[in-house]
Each structure stands twice: as C-alpha cells, then as structure tokens.
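Every read-out reported here was derived from the displayed coordinates using simple, explicitly stated rules and does not represent laboratory data. Computed from a prediction, not measured in an experiment: that's the story for all the values here. FYI the Cβ positions are ideal-geometry reconstructions off the backbone, even for glycines, and counts take in every protein chain you see.
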Amino acid sequence: MGVEGKLFEASTPLGFIVSVKAEQWEKIVTFKHPVMSGRERDVQRTLESPEEVRRSRKDPAVYLFYRTERSKRWLCAVAKKLQETGFLITAYVTDSVKIGESVWRS
C-alpha cells in the first residue's frame, strides 16, 4: 500500500498497526455512519488508547476497540488484523459494549 491515500495509522495495544485509507474513511462517513465525519482523530485515539478491546464473535481476526465518550456512550473502532498490520472496518458511537471475549483492558 502506497503512502498516497493513507489517512492515518494507529498503533494498537495488541501489537499491530491499523492503517486507514482515505477511501475507506469516506465510505464509512458517507454510507455507514455519517455522524463520524470529522472524527478521524477520535478514532485514531480509540485505536491507540482504548479502555477495552473485544474479539468479534464472528471473526477471530476482528477486534472492537472501545473508548468512553460520556456516560453510557462509547466510541467503537472495528479493525481486522492481518499479520502485524490491519485495517479499519468501521467506526461508530454506541450505547453498549458488544458481547464477546475481552482481550485487553486499560
């Protein structure tokens, strides 16, 4: 993957780097979660300094990174790990932490 098109990278506490391409971010904020527009730094911070990380029940290579926004509101960044790197699947604000194996806590 070339440097062009890369929006940001985040080094996770699980030991892999999540690379976020501008094209993927545009899909997230245009089609999936428009409320996340302009919140790239918040997503990067969630990936780098989450309060909790859970493994997806559907795919063991997918991790959900959670950081508290306010009482009973979390920012969730979902990333898939591929060897030592990964990519962002989506990011959204939620009122609940999903069921799944907790693999890391701050």
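Counting just the residues of region 57-106 that are part of a strand (DSSP E or B) and polar (S, T, N, Q), which one comes out nearest to V29 (Cα to Cα)? I'd like the intermediate steps shown before the answer.
Filtering region 57-106 for residues part of a strand (DSSP E or B) gives 62-70, 73-82, 85-94, 101-105.
Now drop any that are not polar (S, T, N, Q), which leaves 68, 85, 90, 94, 102.
Values: T68: 20, T85: 23, T90: 9, T94: 15, S102: 27 Å.
The residue in question is T90.
Could you list, in sequence order, all residues of region 37-53 that are part of a strand (DSSP E or B) and more than 18 Å from F87 (Cβ to Cβ)? First the steps, then the outcome.
Initially, region 37-53 is screened for residues part of a strand (DSSP E or B), giving 52-53.
Within region 37-53, E52 is the sole residue that qualifies.
Just to be sure I understand, how many residues within region 1-31 are farther than 26 Å from V103 by Cα and not in a loop (DSSP other than H, G, I, E, B)?
First pass over region 1-31, keeping only residues farther than 26 Å from V103 by Cα: 1-7, 22-23, 26-27, 29-31.
Pick out the ones that are also not in a loop (DSSP other than H, G, I, E, B) and you get 6-7, 22-23, 26-27, 29-31.
Result for region 1-31: 9.
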